[in-house]
Structures are given as structure tokens and as C-alpha cells.
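Working notes for the structure below.
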Amino acid sequence: MKTATPNPWILAAGALAVLAGVFLWVVTPLFDGITAREKRLENARGIEAEATRLAGAIERAQKGPSAPNRPEGFAIFSYVENAATKEGVKDHVEFMRPASRDLGGGRREMAVDLRLSGLSMPQFLAFLQRVESPDMGVRVRQLILQPAQKGGLDADLSIAVILDRPR
């Protein structure tokens, strides 16, 4: 009995179908899995770097802001008074009133409320630049400007500094 030889075209088509199946169901998922793992690994590294950065930021925030560079025995009232004298606006001061309030957590805000009247804008700006000092922790808490009846401007402002109580 004679066996029939398969047609070479049919064998080639079958081999091609097997190769396509192996490629589609074995090779492609294998490489896709590797690529997906690499992407997840890169994403995890980014998340780790962000977590490290945030942990450092949290640690710095818990320590609080760096201590202001103020001289020993600093008094906000005399500081504002000296600034007014140096800038030549002391004659325009209607009143200066000390104020304070407890902020809780061992911190206290000391302030000076003052009213200046009849100032020119350059005088007022020079005074503000002299009195406000981020290095010393001195800030303008409140500022109200109005045109003066006699010319210039009137200013009601509150200049404050936060003090930590000794522990």
C-alpha cells in the first residue's frame, strides 16, 4: 500500500500556523509581561523617590521654621519706634499701641498697632521696607490705606512678631 505524501504547501501552511500561534500566545505575552513589569518597576521607583522627598518635607515641617535672627531682648515696640525715627516718619505717628495675643502651643504674638497720617507714598514705602524683616520674623499683619484730607495718605497698620515662650 502506498502512503500518500502530504502536499508541501499544506505542510508549510500548517508550520506557519504553528509559528504564528507560538508567536501570538507565547512570545508576545512573554515580552509584554516583561515590558509591563519594567513599567511597574519604574513607576515604583518614582513613587519611592516622591515618598522620600515628602518624608524629608514632613520632617522639616515638624521641626518648625528656623528661629528668627533677632537680638537678645528684642522688643517690637522699640523696633518700630526706631524704624519710624530713622525714616523720618515719627512726626506723622498719631498713636502707637502695643498688643499681644496667645497663639497656643507655647507661642505668643507681640504687635504694635499704629496710625500714620499725612505721609507721602515714598515715605510710607521706605518705612515699610525698613520695618518689615523676614530674617527677624517681623511682618505687617494688617494694613489699611486711605487718602489723607490734607494730602498724602493715612495708614492704619499692625506690625507683629511671633515669639516662642521659653520651655
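The values are calculated or read from the model by the stated rules, or taken from the named source; none is laboratory data. On a predicted model such as this, the values are computed, not experimentally measured, just so you know. All Cβ positions, even for glycine, are placed from backbone atoms using ideal geometry, and neighbour counts span all protein chains on display. Protein only, heavy atoms only, side chains kept; ligands, DNA and RNA dropped before computing areas. Shrake-Rupley method; radii C 1.70, N 1.55, O 1.52, S 1.80 Å.
Summary table below
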quantity: Residue check, I58 among the hydrophobic types (A, V, I, L, M, F, W, C) and open to solvent by 90 Å² or more (accessible area, probe 1.4 Å); calculated: yes
quantity: Hits in region 82-105 - residues which are out of contact with any strand residue (DSSP E or B) (no Cβ under 7 Å at 6 or more places or on another chain) and either under 17 Å from Q129 (Cα atoms) or modelled with pLDDT of 90 or more (or both); calculated: N82, A83, T85, K86, E87, G88, K90, D91
quantity: Selection status of E94, in contact with a Ser or Thr (Cβ under 8 Å, 6 or more places away or on another chain), open to solvent by 90 Å² or more (accessible area, probe 1.4 Å) and of a type outside the set (F, W, Y); calculated: yes
quantity: Of all residues making up region 113-167, the number that are of a type in the set (S, T, N, Q) and more than 31 Å from the chain's Cα centre (by Cα); calculated: 5
quantity: Wholly within region 1-94, helices (runs of 4 or more DSSP H) carrying at least 2 residues that are within 30 Å of L119 (Cβ to Cβ) and touching a residue at least 60 places away in the same chain (Cβ under 8 Å); calculated: 76-86
quantity: Checklist (1) among the basic types (K, R); (2) part of a helix (DSSP H, G or I); (3) more than 27 Å from the chain's Cα centre (by Cα) applied to R97, failing item; calculated: (2)
quantity: Verdict on L128 being without any contact (Cβ under 8 Å) to a residue 40 or more places away in the chain and either within 13 Å of S158 (Cα to Cα) or among the aromatic types (F, W, Y) (or both); calculated: yes
quantity: Qualifying residue in region 54-66 (condition: at pLDDT 85 or above, within 30 Å of G105 (Cα to Cα) and in contact with a strand residue (DSSP E or B) (Cβ under 6 Å, 6 or more places away or on another chain)); calculated: no
